[in-house]
Amino acid sequence: MAARASRITVVIAALCVASLHGSSSQGTAPPARAPQRIVSLVPALTEMLFAIGAGPQVVGVSSYDAFPPQVKTLPRVGALLDPDTERILALRPDLVITYGSQSNAEAQFARAGIRTYSYRHGGIATILESLRELAALTGRRADGDRIAGDLQARFDAVRARVRGRPRPRTVLVFEHDSGTLRSMFVSGGIGFLHDMLEIAGGNDVFADVKRESVQPSVETLISRAPDVIVEIRANPPPNVDAERRAWLTLTTVPAVKNGRVHFLAGEYLVVPGPRVAQGVEAFARALHPDAFR
Amino acid sequence: MSSPTDVTAPVAPATHQASVRRHAARGARATKARVLATIGGFGVLAILTCLLAPLVGSTHISLLRAFDRTIPFADNVDAQIFFIARLPRVLAGALVGAGLASAGVVFQALLRNPLADPFTLGVSGGASVGAMLAISFGLSLSVGPLSPVPLATLSGAAGAAFLVYRLATTAGRAMSTSVLLLAGVTLNAFFSAVIMLLQYVSSFTEVYRAMRWLMGDLDIGGFTPVIAALPLMAIAFVLIAFLPSALNQLSVGSDAAASRGVDVARVQRIAFVSASLATSGSVSLAGPIGFVGIVVPHLVRLIVGVDHRVVLPASALFGAAFLVGCDLAARTLFSPVEIPLGIVTAMIGGPFFLWLLVRRG
């Protein structure tokens, strides 16, 4: 998307560079200046911007942004379905971070001569790649490499800890109706949650279903017989005991039989940003308590 | 056999009257045995479907093992799949299919409108608002066997039905079916706006769950939800059982029915209450599954004619068989991924109904 910088941006950038460096005699297009006013419509990428030290350049965030705490005072400009283009333009951004499906908004920003960086959720590799691209885009390549390297090191540390231990067959549950197992959504075989689970030393029982989320039936849950069930929520459920009781009907499921239904709560678990390593560590502790004694 | 125009054209009193008279005459000729045979035929179909459905699923199970009492239930995977995953699902499907189909018949007769269905009078709208509130605000209140979402759904459905009833019977007036219809349609539109508002202010995962709820689902994972809906449905079916002859009279027109000694107001009240109860119970159990309530009654009429003494029980039985069959397709066609039930009912039922319609024509 960076390559989609419109001609106007190039012209403005050229003027800026020209004014800074005097007249340029070289014929090649001068490099675009690092953006100074960034609006992020994607919470995960807002976190990345702050992690690489580009936080001070962020002038607007989505209505779902909650981390780091500094975002709480920033203007809210809508989100995935309802980006408030007028408010965004009024913030005079020179870079807007959009989600891949927001092609209308992207076209509007292009017409206004504003650069966009388009992102789509993917696996852990996408997180690391986006970190590096954002860092390059904001002139903080070294910070990007450092943060991505840190994440990689923490993943490797978890891998090393759980290496050689039997990998429990695990299901990662992110939703179901309160107090029952109805309307359940679990992680399938792609996406960052699936990748986190694999790094943490678990085998995803729905790895064969190549979707980010799967709605398994009770029958499928019984027949897949997971050794461990990990329920993750952005916010803790109001009544964890009731949620735990909901599982007790499925007594043949090894995870239920052996009391290995875990509840993990925290926004860091569900945002594919720089806190993902913390999530991987939490998964690993749930899957391999012995490895962390 | 009736001609298809009876069921597809907006109710034209003259032709309807003629057809009912024709059928009344034929009904007199028809022996009770023939009526029983028709119902028996649909009954066998329903029973066979309900017996076959729990045997098939996404997993292969051994029935011998499932019924082997020497293995403790807590360790018997086949038994748990049969008794927790499949059997409650099939029973719920039968109950909901029968409930929606018979509610459809009753509403079509009560409103004298072939396009009426269990959701015409705002019951599904109210139910959806309830479900949406429970999902968006993460309600965790349960009452007895009713878990939060079904509880909220049931309250919404009952609330909407009560509201529509009050609107149609204000100031001690007799129930006006046209007011009933207009009030219902308006309430549905109002509830859709409320639903959209709730979705707009909810987060993506909640919106997605709510959308999924609207597509219907029978994967109830145990008998508790069936037990919760059963009393309501039982009352509904008992009340509906009193209706067939009166509905035959009513479909000619309320004046004509009154002149033949039918207590029109009372019949309308029972019809409304019973069909609303059946719909509310069904929606709280499985979500607003479309298509069954409108097409099964028409389908059955294409086969057996318009006499409610046959149409009502036959629709209930065929509705049960149809929904159980659709659910079987939903859970096996693309396993381990399931197709939402509401999609299957329309995608299987739609072409089948059109085929029957064209063939009869």
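Every read-out reported here was derived from the displayed coordinates using simple, explicitly stated rules and does not represent laboratory data. Because the structure is a prediction, the values reported are computed rather than measured. All Cβ positions, even for glycine, are placed from backbone atoms using ideal geometry, and neighbour counts span all protein chains on display.
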(request) Report, for segment A:165-292, the % of DSSP beta bridges that are antiparallel, rounded to 5. (result) 25
(request) Count neighbours as other Cβ atoms within 10 Å of each site's Cβ, and list the chymotrypsin sites (Phe, Trp or Tyr not before Pro) in segment B:30-76 that are DSSP loop with at most 13 such neighbours. (result) B:F67
(request) Run through the DSSP bridge list for chain A and note the antiparallel percent, rounded to the nearest 5. (result) 15
(request) Note down the nm distance, to one decimal, between modelled labels 7 Å out along Cα→Cβ at A:Q70 and at A:F263. (result) 3.5
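Among residues other than A:V205 whose Cβ falls under 10 Å from its Cβ, what is the net charge (Lys/Arg +1, Asp/Glu -1)? Working shown, then result.
Details: positive: A:R169, A:R224; negative: A:D204, A:D208, A:D227.
Cβ neighbours under 10 Å give a net charge of -1.
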(request) Using a/c under 1.5 as the rounded threshold, could you call segment B:272-361 rounded, prolate or oblate? The axes a ≥ b ≥ c are square roots of the C-alpha gyration tensor eigenvalues, and prolate needs a/b larger than b/c, oblate otherwise. (result) oblate
(request) List B:D219, A:D195 from most exposed to least, where exposure is judged by having the fewest other Cβ atoms within 10 Å. (result) A:D195, B:D219
(message) Which one, B:F291, B:F223, B:F334, has the greatest fluctuation when you compute a Gaussian network model over chain B with C-alpha springs under 10 angstrom?
(response) B:F334
(message) If the elastic network links every pair of Cα atoms under 10 Å, which of B:L163, B:L95, B:L63 fluctuates the most in the Gaussian network model of chain B?
(response) B:L63
(request) On a 0 to 90° scale, report how tilted helix B:32-52 is relative to the longest principal axis of chain B, with both axes built from alpha carbons and the result rounded to the nearest 10. (result) 20
(request) May I ask you to work out the translational diffusion coefficient for segment A:165-292 at 4 °C, viscosity 1.567 mPa s, via Stokes-Einstein with Rh from the Kirkwood sum over Cα pairs, reported in whole µm²/s? (result) 90
(message) Starting from a Cα-only point model with no solvent, please compute log10 I(q)/I(0) by Debye for the protein assembly as shown at q = 0.05, 0.08, 0.09 1/Å.
(response) -0.31, -0.72, -0.85
(request) Please sort by residue number the trypsin sites (Lys or Arg not before Pro) in segment A:111-143 whose DSSP state is loop and whose Cβ has at most 16 other Cβ atoms within 10 Å. (result) A:R120
(message) If I build a Gaussian network model for chain A, linking alpha-carbon pairs within less than 10 angstrom, which residue out of A:L49, A:L248, A:L197 has the largest mean-square fluctuation?
(response) A:L248
(request) Rounded to the nearest 10 degrees, what's the angle between the helix B:123-136 long axis and the longest principal axis of chain B, both from Cα atoms, 0 to 90? (result) 20
(message) What three numbers, in Å, describe the spread of the alpha carbons of segment A:122-233 along their principal axes, ordered from the longest?
(response) 51, 32, 25
(request) Using only Cα atoms, find the angle between the long axis of helix B:224-241 and the longest principal axis of chain B, and express it within 0 to 90 degrees, rounded to the nearest 10. (result) 10
(message) Taking every DSSP beta bridge with both residues inside the protein assembly as shown, roughly what % is antiparallel (nearest 5)?
(response) 20
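How do B:I343, B:I227 line up, fewest other C-beta atoms within 10 Å first?
On the way: B:I343 16, B:I227 13.
By the 10 Å Cβ count, ascending: B:I227, B:I343.
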(request) Decide, for chain B, between rounded, prolate and oblate: order the square roots of the alpha carbon gyration tensor eigenvalues as a ≥ b ≥ c, take rounded if a/c falls under 1.5, and otherwise choose prolate if a/b is larger than b/c, else oblate. (result) oblate
(message) Taking a ≥ b ≥ c as the square roots of the Cα gyration tensor eigenvalues, with a/c under 1.5 meaning rounded and otherwise prolate when a/b beats b/c, else oblate, which class fits segment B:147-283?
(response) oblate
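May I ask for the net charge around A:A291, where only other residues with Cβ less than 10 Å from the Cβ of A:A291 are counted and Lys, Arg are +1 while Asp, Glu are -1?
Details: positive: A:R161, A:R163, A:R165, A:R285, A:R293; negative: A:D290.
Net charge in that neighbourhood comes out at +4.
Counting Lys and Arg as +1 and Asp and Glu as -1, what is the net charge of the other residues whose Cβ lies under 15 Å from the Cβ of A:R244? Show your work: numbers first, answer last.
Values: positive: A:R233, A:R245, A:K257, A:R260; negative: A:D177, A:E231, A:D241, A:E243.
Every neighbour counted, the sum reads 0.
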